Each structure stands twice: as C-alpha cells, then as structure tokens.
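The values are calculated or read from the model by the stated rules, or taken from the named source; none is laboratory data. Keep in mind that this is a model prediction, so the values were computed, not measured. SASA here: full protein model, heavy atoms, side chains in, ligands and nucleic acids out. Shrake-Rupley method; radii C 1.70, N 1.55, O 1.52, S 1.80 Å.
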Amino acid sequence: MTAATTPQETLSRVAQGDAPVLERLVTMNLDSLEASELDVRTYFLVRLAALVAIDAPPVSYLINLGLGADAGVTLEEAQGALIAIAPVVGSARVAAAAGNILRAFGIAVVAEEMASAEQG
C-alpha cells in the first residue's frame, strides 16, 4: 500500500476483486469446479452448504455467492440449500450463516459506494 492509498481505497479494490489473493481464490474455485464434474449450480450450492458447516466468515460468502449468482444460482435455490442442511448442521449454524451472508452483502454495498465515490 502506497502512502497515497487509503484503507478505504484498498478495501474497495479488494472487494472489487483487484487483489492477488482474491484473484487466486477465484482461480482455485474455477479449477475445483472443473475437477468436480458437477454442474455449475450444484457446485455452488454444495459450496454454500460447506461454508455453513465450517462457519465461514462473510467474505467467503461474498466470493462464493457472487460467483454462484453469476452462474445462475437463484436466491430461492440458496435458501433451499440452507433449509435442506439445517437438520444436519443445526438451526444455530444456519442462523449464523444467514447473519454472515447479510454482512457479506453489506460489505459489497459499502465497496460499491466507495468505488462510486472514487469515480464521481
């Protein structure tokens, strides 16, 4: 980070995918999609279930749900996956995941606002 780069600018670039770590994570996701031999929607729904099971942080949901949405996974399908896994992982884990998903959307909104402010 250079002296002229503020933390907000850095966060905005990271949230927009302008970071080597995030680029690598996206690449890893795409590599594992191909290796899984699952259709793309099933792949992202399985990953959502795994994120819930491991109590993943908001940024993990941000990355995976963003890529899933790009692949055509609907909100209803994601909700269906959460309902399906609740008896296995527990309602508390699903509720925590819902909170982390909301935080992820909040992060995305803040990043978009920051990017718009930098451009405007």
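Quick check for you: with a 1.4 Å probe and neighbouring chains kept, what is the accessible area per residue of region 53-120, in Å²?
Value returned for region 53-120: 58 Å² of accessible area per residue.
Provide the three semi-axes, in whole Å and in decreasing order, of the ellipsoid equivalent to region 24-66 as defined by the square roots of 5 times the Cα gyration tensor eigenvalues.
17, 12, 8
Compactness ratio of region 73-120: Cα Rg over 2.2 N^0.38 Å, N = residue count?
1.55
Read phi for every residue in region 60-72 and hand back ³J(HN,Hα) as whole Hz from Karplus 6.51 cos²θ - 1.76 cosθ + 1.60, θ = phi - 60°, with x for Gly and Pro.
Values, residue by residue: 5, 5, 4, 5, 6, 5, x, 5, x, 4, 4, 8, x Hz.
How are the C-alpha pair distances of region 23-120 spread across 10 Å bins, as whole percents from the shortest bin up?
15, 45, 30, 8, 1
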